[in-house]
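This report refers to the structure that appears directly beneath it.
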Amino acid sequence: MLSAKVPEKLADALSPEWLSGALGAAIARVNTVEVIRTVATKARFVAHPADGSPPLTLCLKGLLDGDEMTRMGGPTMVREADFYGKVAAHVAVRVPSLHTSVIDRDARQAIVIMRDLIAEGAAFCSALEPFTADDTATSLEQLAALHAGRGLLASEPWITRRIDEFAARPHLSIEQLQELLDDPRGVPLAPRTKDAARLLAALAPLAARDAGRAQFLVHGDAHAGNIFRTSEGPGLIDWQLLQAGGWALDVAYHIAATLPVEVAAAEERRLLGHYLGHMHALGCPMPDDDTAWREYREAMVYGFYLWAITRRVDPPIIHAFTARLGAGVERLDSFRLLGV
């Protein structure tokens, strides 16, 4: 990891001058291959070293060309850079190979530069292309590999409990959240589910119960769009919500977000058992089946909240994830279990 100033503009980050310092080698020219903008900006590019050595096929990620609200999310990019620099090598999770990361801790901004997975033959998944149950079983194994690295929490105090932060300081007011739930994302859901006051009230009991359980390394945003596939198997990207928390925050979110509603309903008990069996095989003590099922049901609120508040993603993706996770909350009676 390199400590240096992080530019605000993509054009500056892709300039030969800045990249020469970031990559530690003089870069003569840069060819941009693709730019993807969600909350963060991702740019695939080819950097040509000035000494004539083979070109570098890379992908850069940062909060670039954004407004002030976007830049306020800088600490999440620092968290992602710290994951690659301090955690990735110590967990058996398939992730992009880091080339370098540049962190400006004073400005609370970071840029991560990775090898370009697409150029190496990987394919990224999409919310609009649901998984099969077997696909989800395989990606749950990657989450188990991450969770099994829970011993790192003792030495990495910067990995905090985000669910506590969400409960204490919700991103939106009841009125603002209700306005979002009343837009097309909430159309498939029952009024009792798309009730903003009820959803916000559920965060505190979920956080309190989760805090009293075994703590794991949790990805925090394990939806289909953060999965890539290679010939060796699936892997995980986007570590901005890395956190400490209960295993069920990831597992409930992942099962509901990756599968069509009817498939999730039919397969979730089996998939939960598959995950628990994998964790046992990795040597991790886990709750009994009935306790695990209750924790899973309660945790569905976490992913539903994240997509209920989402604004800076393409609407079809927001609608798909909110519908799947909201259906999970309805199906599993999550609000009642949490006492709201």
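The values are calculated or read from the model by the stated rules, or taken from the named source; none is laboratory data. Everything numeric in this text was worked out from a predicted model, so none of it was measured. Every residue, glycine among them, receives a Cβ derived from its backbone with ideal geometry; neighbour counts consider all protein chains shown. Side chains are part of the model used for accessible areas, which takes the heavy atoms of the whole protein and leaves out ligands, DNA and RNA. Shrake-Rupley method; radii C 1.70, N 1.55, O 1.52, S 1.80 Å.
Below are the figures for this structure:
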item	result
Whole-Hz couplings from phi, Karplus 6.51/-1.76/1.60, listed for the range 219-225; x for Gly and Pro	5, x, 8, 8, 8, 4, x
Prolate/oblate/rounded label for the range 122-230 (Cα gyration tensor, a/c 1.5)	oblate
About the Cα centre, charge dipole magnitude for the chain (Lys/Arg +1, Asp/Glu -1 at Cβ), debye	340 debye
Under-5 Å amide H pairs with Val33, H placed in peptide plane, nonlocal only	Arg44, Phe45, Val46
Separation in nanometres of the label points that stand 7 Å from Cα toward Cβ, at His48 and Glu232	3.1 nm
Contour minus Cα-Cα distance for Thr32 and Thr138 (0.36 nm per residue)	34.8 nm
Mean ellipticity per residue at 222 nm, deg cm²/dmol - from DSSP H runs of n ≥ 4 across the chain, formula -39500 (n - 2.57)	-13000 deg cm²/dmol
Residue-level accessible surface for Ile103, protein heavy atoms, 1.4 Å, Å²	10 Å²
Fully extended contour minus Cα-Cα distance, from Asp289 to Glu262, at 0.36 nm per residue	7.5 nm
Euclidean distance of C-alpha centroids, the range 86-150 and the range 236-253, integer Å	12 Å
Percent carbon-and-sulfur accessible area, the range 1-134, ignoring ligands, DNA and RNA, probe 1.4 Å	52 percent
Nonlocal amide H pairs with Ala28, under 5 Å, H built at 1.01 Å	His48, Ala50
Lysine pair count for the chain [Cα-Cα under 22 Å; pairs on different chains or 8 or more apart]	8
For the chain: rounded, prolate or oblate by the Cα gyration tensor [a/c cutoff 1.5]	prolate
Point-charge dipole on Cβ atoms (K/R +1, D/E -1) for the range 28-114, about Cα centre, debye to 20	240 debye
In sequence order, calculated HN-Hα J values of the range 190-206 (Karplus, 6.51, -1.76, 1.60; Hz; x Gly/Pro)	5, x, 5, 8, 8, 9, 4, 4, 5, 4, 5, 5, 6, 5, 5, x, 5
Net length gained if the chain between Ser126 and Glu175 were fully extended (0.36 nm per residue, minus Cα distance)	14.6 nm
Where the chain is the region considered: accessible area per residue in Å², 1.4 Å probe	41 Å²
Fluctuation leader among Gly233, Gly149, Gly220 - the chain, Gaussian network, Cα springs under 10 angstrom	Gly233
Cα-based shape type of the range 19-151, given that a ≥ b ≥ c are square roots of the gyration tensor eigenvalues and the cut on a/c is 1.5	prolate
Phi to ³J(HN,Hα) by Karplus 6.51 cos²θ - 1.76 cosθ + 1.60 over the range 319-324, Hz, x for Gly, Pro	5, 5, 5, 4, 5, 5
